[in-house]
Amino acid sequence: MHRFSRRDFLKLSALMPISAAISPWVKNLVSPKIVGQDSFPTNIIIILFDAMSARNLSVYGYPRNTSPNLMRFADRSNVYHSHNSAGNFTVPGTTSLLTGLYPWTHRAINEAGLMTREFIGRNIFRSFGGHYKRLAFAQNLYAGFILNQFDKDIDIYLSPDAFNIASGIVGRRFPNDFPSAYRSFDDFLFKFDKESLKPASASLIFGTIERLLFLRQLAVAKSIYSQEFPLGLPGDDNYPIYYRLEDVFDGLISTMKNIKTPTAAYFHLFPPHEPYRPSKDFFAKFFDNYLPPTKPEHALSHGISQTALNGHRRRYDEYIAYADSQLGRLFDAIEQAGLFENSIVVVTGDHGEFFERGEQGHATPLLYDPVVHVPLLISMPGQNKRNDIYEPTNSIDVLPTLLHLANQPVPSWCEGTLLPGLGGDYDPQRSTFSMDAKLNPAFAPLRTATIAMRRGAYKLIRYLGYGGEYEDAYELYNLDNDIEEMNDLYTSETAIASQMKTELLEALNAANSRLKS
Amino acid sequence: MNMGEIAIVIAYAMATNFIESLTALLMLLFICVILPAKWLRDVFLSSGSLLVILSLGYMMYISSHIASNDDSYPTNIVRLIPVVGLLILVLAFLVGRIGFLQKLFEELADRAVIFFYIFLPLGFISFLVVMARNIF
């Protein structure tokens with residue numbers, strides 16, 4: 001048998017430089033072409049503002065100048081003027097955006113709820129695949145719980161308190177098991193739930209000590225920033241998180257500067273969600289004569305006076321202006337880093353906010369336009385012209401559109417379609433849905449819910465299971481000539497009402513029957 | 001949440017309570033070591049039980065006070081912690097000297113042993129589960 005001699009070894013060694021020289025060529029020949037690396041070097045950057053209603057943004061024609069920087073961004077974007085969220089609060093709204101599924105499909109319909117396990121793989125991060133570095137950040141823990149369901153598809157997960165000045169979040173200390181740790185500690189053991197009957201934490205010793213340490217940290221932060229924030233530090237009423245938007249956006253800027261192409265990044269920012277706490281530069285910015293139209297109080301509202309609602313609205317507008325000022329800094333940083341040239345940048349909201357008909361907030365069964373109408377601006381790589389799209393769209397359309405723009409296949413399970421102007425065509429016969437079903441059990445057919453169906457200019461709202469006159473009631477509006485939804489056409493335009501009602505009932509029955517099967 | 005996820009949350013809760021219990025026990029043993037033997041060691045069962053019950057009761061008070069206030073630091077309560085702690089210690093020491101109270105707490109501690117048999121293995125297993133999930 002021939003032995004491998006020293007002479008053979010030297011011969012072989014002589015071949016090594018040759019192999020080194022040809023290896024890049026061979027590598028190019030055999031390795032798969034990575035989407036977004038040469039022909040379409042694209043990052044996907046989604047910036048989401050929690051509870052940001054399009055109706056309160058000057059970029060969409062609001063009389064108060066709440067969003068000058070979004071207006072600047074609009075000059076290089078596709079601006080969607082009639083974009084609705086599929087849900088009216090964080091859990092369903094965020095889940096629909098990230099999955100392209102309606103709430104009645106993904107079933108994340110309750111407060112702090114989660115999506116059904118069988119659909120966990122149906123998310124934007126998995127759809128982009130391993131070609132992309134996938135990064136996620138959510139200041140809102142409810143959105144964080146949803147992101148935690150996708151933890152196997154996310155490469156970098158930034159803790160909800162990553163850029164805070166005071167925080168009592170514990171889950172981040174368990175990097176190998178953070179989804180369970182957030183849920184166990186921050187949502188249960190260490191949580192001081194002010195809305196529950198027994199608000200003290202379930203962990204008597206560690207929970208109390210942890211909270212005392214947090215309150216001490218917060219007291220120091222408050223003393224430093226009391227002048228800067230006349231209404232208190234921005235934060236989350238449900239969880240121990242306090243921050244300055246300056247710090248949060250500094251964190252985002254530094255994160256974005258280190259982005260390696262191609263990256264798919266999702267940034268879920270808590271403002272302008274309640275509590276509305278603008279900094280002193282924006283506090284009292286809108287003490288003006290603007291008065292929104294007064295609307296009749298709704299029977300399902302909390303009966304808040306119009307004066308109080310106007311006060312809340314003013315604070316909300318100021319908080320939006322504060323967030324917008326920081327967004328402007330972020331846009332400048334993105335520009336300087338050259339990211340606008342190789343990135344699709346999306347600015348949107350998970351749901352809106354409401355200051356009318358005796359109701360304030362968004363966790364309401366009233367699905368009027370301010371609650372579901374959210375901003376959507378999409379800037380394509382190198383885009384320098386504004387493109388306005390007025391056709392109705394839905395948050396479930398964002399996932400398929402981004403996949404299409406990144407040359408990725410759109411999965412068949414996705415319920416959304418491509419957005420007009422970015423690969424899709426407007427279909428006037430297409431109906432889209434928004435819904436509130438937080439009182440309905442997650443895995444039971446929808447029997448207590450509000451469902452709004454949008455088709456063209458018309459919007460049909462169905463109230464179901466609220467008792468009294470709202471046990472099963474309908475309203476119909478034409479948003480083209482009645483954006484304030486003041487004239488209920490349900491009894492006057494019977495043909496369109498009947499047609500839309502039939503379609504809504506069919507869609508609801510289909511969703512309920514899928515659940516039973 | 002599905003059953004598996006609920007079980008994991010329970011494991012975290014049990015493991016946390018297990019470590020909390022060990023911490024309380026170690027604190028008690030530490031106090032026992034540093035104090036003269038006849039103050040606490042000789043009446044460990046009765047005075048120790050009372051010490052733990054009063055301390056946990058005080059923690060409950062602090063916890064509920066925090067919960068009912070809007071994220072403000074409870075300066076007054078924190079300032080009083082050493083004083084109340086000393087008061088609890090003295091009270092525990094005195095009770096150890098009163099015959100019928102001593103007997104009462106001994107009986108109570110005797111009956112509470114059943115919880116030890118239930119929670120110790122559950123707590124230990126939960127602790128192992130949490131460790132395993134965070135190491136591997």
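List, please: which pairs have Cβ atoms under 6 Å, are six or more places apart or on different chains, and start with a residue in segment A:367-388 that is under 30 Å from A:A473 (Cβ atoms) and end with one that is aliphatic (A, V, I, L, M)?
A:L367/A:A452; A:L367/A:I461; A:H373/A:A54; A:V374/A:A54; A:P375/A:A54; A:P375/A:L57
Would you tally the residues in segment A:451-499 being surrounded by fewer than 16 Cβ atoms within 10 Å (Cβ to Cβ) and in a strand (DSSP E or B)?
Total meeting the criteria: 1.
Would you confirm whether or not segment A:435-454 contains a residue that is of a type in the set (F, W, Y), modelled with pLDDT of 95 or more and touching a Leu at 6+ places or on another chain (Cβ under 9 Å)?
no
Among the listed residues A:S127, A:S201, which satisfies the condition of being within 10 Å of chain B (Cβ to nearest Cβ) and either within 30 Å of A:M453 (Cβ to Cβ) or among the polar types (S, T, N, Q) (or both)?
A:S201
Among the helices (runs of 4 or more DSSP H) confined wholly to segment B:1-100, which include 2 or more residues that are among the hydroxyl-bearing types (S, T, Y)?
Result: B:3-34, B:44-67.
If A:I109 passes every condition in (1) under 23 Å from A:Y242 (Cβ atoms); (2) more than 12 Å from chain B (Cβ to nearest Cβ) but one, which one does it miss?
(1)
Do any helices (runs of 4 or more DSSP H) entirely within segment A:69-130 hold 3 or more residues that are not hydrophobic (A, V, I, L, M, F, W, C), and if so, which?
Helices (runs of 4 or more DSSP H) meeting the threshold: A:90-99, A:103-106.
B:A92 is checked against (1) crowded, with 17+ Cβ neighbours inside 10 Å; (2) at pLDDT below 85; (3) more than 17 Å from the chain's Cα centre (by Cα) and fails just one. What number does that condition carry?
(3)
So, in segment A:63-115, exactly how many residues are aliphatic (A, V, I, L, M), modelled with pLDDT of 95 or more and out of contact with any strand residue (DSSP E or B) (no Cβ under 9 Å at 6 or more places or on another chain)?
3
Name the residue that is nearest to the other protein chains (Cβ to nearest Cβ), counting only residues in segment A:172-184 that are closer than 14 Å to A:A112 by Cβ and at pLDDT 85 or above.
The extreme case among them is A:S184.
In segment B:5-23, how many residues are at the interface with chain A (Cβ under 7 Å from one of its Cβ atoms) and surrounded by fewer than 17 Cβ atoms within 10 Å (Cβ to Cβ)?
Qualifying residue count, segment B:5-23: 1.
Just to be sure I understand the filter: pairs with C-beta atoms under 7 Å, separated by 6 or more residues or on different chains, first member in segment A:275-301 and among the acidic types (D, E), second member surrounded by 17 or more Cβ atoms within 10 Å (Cβ to Cβ) and not in a loop (DSSP other than H, G, I, E, B). Which pairs pass?
Between residues of segment A:275-301 that are among the acidic types (D, E) and residues that are surrounded by 17 or more Cβ atoms within 10 Å (Cβ to Cβ) and not in a loop (DSSP other than H, G, I, E, B), there is no close pair.
For residues that are under 17 Å from the mean Cα position of the chain (by Cα) and either within 14 Å of chain A (Cβ to nearest Cβ) or of a type in the set (K, R) (or both), scanning just segment B:24-50, find the one that is surrounded by the most Cβ atoms within 10 Å (Cβ to Cβ).
B:L28
Tell me, yes or no, whether segment A:216-234 has at least one residue that is in a loop (DSSP other than H, G, I, E, B) and without any contact (Cβ under 8 Å) to a residue 24 or more places away in the chain.
Yes: one or more hits.
Kindly indicate whether A:N65 is in contact with a Gly (Cβ under 7 Å, 6 or more places away or on another chain) and surrounded by fewer than 23 Cβ atoms within 10 Å (Cβ to Cβ).
Considered against the rule, which asks whether it is in contact with a Gly (Cβ under 7 Å, 6 or more places away or on another chain) and surrounded by fewer than 23 Cβ atoms within 10 Å (Cβ to Cβ), A:N65 comes out as no.
The values are calculated or read from the model by the stated rules, or taken from the named source; none is laboratory data. On a predicted model such as this, the values are computed, not experimentally measured, just so you know. Using ideal geometry, Cβ is built from the backbone for each residue, glycine included, and neighbour counts are taken over all protein chains shown.
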